[in-house]
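Notes to accompany the following structure.
The values are calculated or read from the model by the stated rules, or taken from the named source; none is laboratory data. Keep in mind that this is a model prediction, so the values were computed, not measured. Cβ coordinates were reconstructed from backbone atoms using ideal geometry, including for glycine residues, and neighbour counts include every protein chain displayed. Side chains are part of the model used for accessible areas, which takes the heavy atoms of the whole protein and leaves out ligands, DNA and RNA. Shrake-Rupley method; radii C 1.70, N 1.55, O 1.52, S 1.80 Å.
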Amino acid sequence: MSWYTGLHAKILFDEPLAKHTTLRVGPLAKIWIEPYEKESLRAILCHAKAKKIDYLVVGCGSKMLIKKQKVPLAIRLGSPQFTACKVDDIDIIAGSGTKLAALVNSAYMHGLGGLEFLSGIPATAGGAVMLNAGVGWPERIELGSFVYEVEVMDKNGKIKVLPQNRLSFSYRSSNLRPYIILSVRFKLFKKNKENIKLKIRKFLEYRKKTQELGCFSAGCIFKNVNGISSGRLIDECGLKGRQIGDAVISKKHANFIINRGSATANDIVSLMRVMKAAVRKRFKLNLEPEVKII
Ligand SMILES: Cc1cc2nc3c(=O)[nH]c(=O)nc-3n(C[C@H](O)[C@H](O)[C@H](O)COP(=O)(O)OP(=O)(O)OC[C@H]3O[C@@H](n4cnc5c(N)ncnc54)[C@H](O)[C@@H]3O)c2cc1C
């Protein structure tokens, strides 16, 4: 009998990870597993620890570039237990697998403001909190500032609730790396529904105007440098449209790499090297990847 026999989970074998990342790149996951409840997740983590199996947690895969040739175990928290959203006065408690679109909609339906800036980001609550997702327009707003507490599971399967004073968020990063995020309590504020709707529309319109949507990308590939837009720096190096294999730098937003269909992780990494070298040469600035290279 295999270790997963009888596990309360959806299990797939040799699942193409490319299907689960927005860049559409990745190897097969030997085992792809979606636990139906926390107990099953605990059993998976304990097995992985005992057998020293590397695992990868996948949200929407919208900030992942998987270079690895082999992924023995991929875990997604996509079952109803991990995607439920509950409102408690001005708080929303979202399962980590909740899509941001559902989270924003739930806040709107309950007249709770604050999260409108997440509109159009193709992510899960867990992935977005892990990476402190945010926008720089019309001002810098980050998800971490709305997080009140986070329920996590550690690698031993132990559940903890981390209050605000044990959380730290910085630019596209958090101190939650050692954990699997189970759910997040966001503290919002009461707001007129019409105003929420208007703000959502503004964010979506801005996104449509400035970003390459509807194609395979991971959003911004590099972090901004000292508050300077990396997109602007790359653009000023004249790199829009530069292509390696099937990976191309967007003509609309120079910090977006688009997979035209059959780009490999190596094509994308090579293009990133070209961007980094050009910016270093011209501006003496060091671009840091925003995408998680795995
Ligand atoms: C068109 C487009 C536009 C975008 N716009 C923005 C934007 O405006 N602002 C912005 O910040 N980002 C943006 N992004 C990037 C991306 O959506 C965010 O970085 C998002 O936070 C990633 O969430 P995810 O669920 O897809 O995480 P994934 O990419 O699946 O995972 C990211 C990392 O978090 C880990 N992780 C995921 N879920 C969990 C969990 N439950 N527990 C523990 N670890 C976990 C993964 O292992 C991985 O290391 C954009 C992407 C695209 C494609």
Go ahead and set up a Gaussian network model of the chain, Cα springs under 10 Å, then flag whichever of ALA84, ALA218, ALA128 fluctuates most.
ALA84
For the pair PHE13 and GLU39, what calculated FRET efficiency results from E = 1/(1 + (r/R0)^6), where r is the Cβ-Cβ distance and R0 = 25 Å, to the nearest 0.05?
0.65
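When the accessible area of the chain is computed with all protein chains present and a 1.4 Å probe, what percentage of it is carbon and sulfur? Spell out each step's value before the answer.
Values: 7460 of 14300 Å².
Carbon-and-sulfur percentage of accessible area, whole number: 52.
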If you average the C-alpha positions of region 1-22 and of region 132-171 separately, how far apart do those two centres end up, in angstrom?
28
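Over all directions, the average projected area of the alpha-carbon convex hull for region 9-76 comes to how many nm²?
Numbers: hull surface 17.0 nm².
If you wrap the Cα atoms of region 9-76 in a convex hull and average its projections, you get 4.2 nm².
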Mind giving me the nanometre distance, one decimal, between the label points for LYS292 and LYS51, set 7 Å out from Cα along Cα→Cβ?
2.2
So what J values fall out for region 225-242 if you push phi through Karplus, 6.51 cos²θ - 1.76 cosθ + 1.60 with θ = phi - 60°, rounded to Hz, Gly and Pro as x?
10, 6, x, 8, 5, 5, x, 5, 4, 5, 4, 5, 7, x, 9, 4, x, 4
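Over all directions, what mean area does the Cα convex hull of region 81-209 project, stated in square nanometres?
Details: hull surface 29.9 nm².
For the Cα atoms of region 81-209, the hull's average projected area reads 7.5 nm².
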Please state the charge dipole magnitude for region 230-293, taken about the Cα centre, from unit charges on C-beta atoms (+1 on K and R, -1 on D and E), reported in debye and rounded to the nearest 20.
240
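Work out the length of the dipole vector of the chain about its Cα centre, built from +1 on the beta-carbon of each Lys and Arg and -1 on the beta-carbon of each Asp and Glu, and round it to the nearest 20 debye. Before the final figure, lay out each step's value.
Working: 49 positive and 24 negative charges, 164 e Å.
For this selection, approximately 780 debye.
Quick check: net charge around LYS292, other residues with Cβ under 15 Å of its Cβ, Lys/Arg +1 and Asp/Glu -1?
Working: positive: LYS63, LYS67, LYS68, ARG172, ARG177, LYS223; negative: ASP54, GLU288, GLU290.
Local net charge: +3.
What net charge is computed for the residues neighbouring ALA50, neighbours being all others with C-beta under 14 Å from the C-beta of ALA50, Lys and Arg scored +1, Asp and Glu -1?
Working: positive: ARG42, LYS49, LYS51, LYS52, LYS155; negative: ASP54.
Neighbourhood net charge equals +4.
Share of antiparallel DSSP beta bridges in the chain, in percent to the nearest 5? Write out the running numbers ahead of the final one.
Numbers: 43 of 52 bridges.
Taking every DSSP beta bridge within the chain, about 85 percent pair in antiparallel fashion.
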Sort the chain into rounded, prolate or oblate with this rule: let a ≥ b ≥ c be the square roots of the eigenvalues of the Cα gyration tensor; rounded if a/c is under 1.5, and if a/c is not under 1.5, prolate when a/b is larger than b/c, oblate otherwise.
oblate
Would you calculate, for the chain, the mean residue ellipticity at 222 nm contributed by helices, counting each DSSP H stretch of 4 or more residues as -39,500 (n - 2.57) and dividing by all residues, to the nearest 500?
-8000 deg cm²/dmol
Under a straight-distance cross-link criterion of Cα-Cα below 13 Å, which aspartates and glutamates are reachable from LYS193, leaving out those fewer than 8 residues away in the same chain?
GLU116
Counting only heavy atoms of the protein chains, get the accessible area per residue of region 103-153 (1.4 Å probe) and round it to a whole Å² value.
32
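Taking K and R as +1 and D and E as -1, what net charge do the other residues with C-beta under 11 Å from the C-beta of VAL248 add up to? Numbers along the way, then the final one.
Details: positive: LYS240, ARG242, LYS251, ARG260; negative: GLU212, ASP246, ASP267.
Net charge in that neighbourhood comes out at +1.
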Between VAL161 and THR264, what length comes free when the chain is fully extended (0.36 nm per residue of separation minus the Cα-Cα distance, one decimal in nm)?
33.2 nm
Grab the beta carbon distance between LYS208 and SER229, set R0 = 22 Å, and tell me the FRET efficiency rounded to 0.05.
0.75
Greater than 22 Å separation of Cα atoms is the criterion. Which listed pairs, LYS86/LYS190; LYS99/LYS187; LYS202/LYS252; LYS38/LYS160, meet it?
none
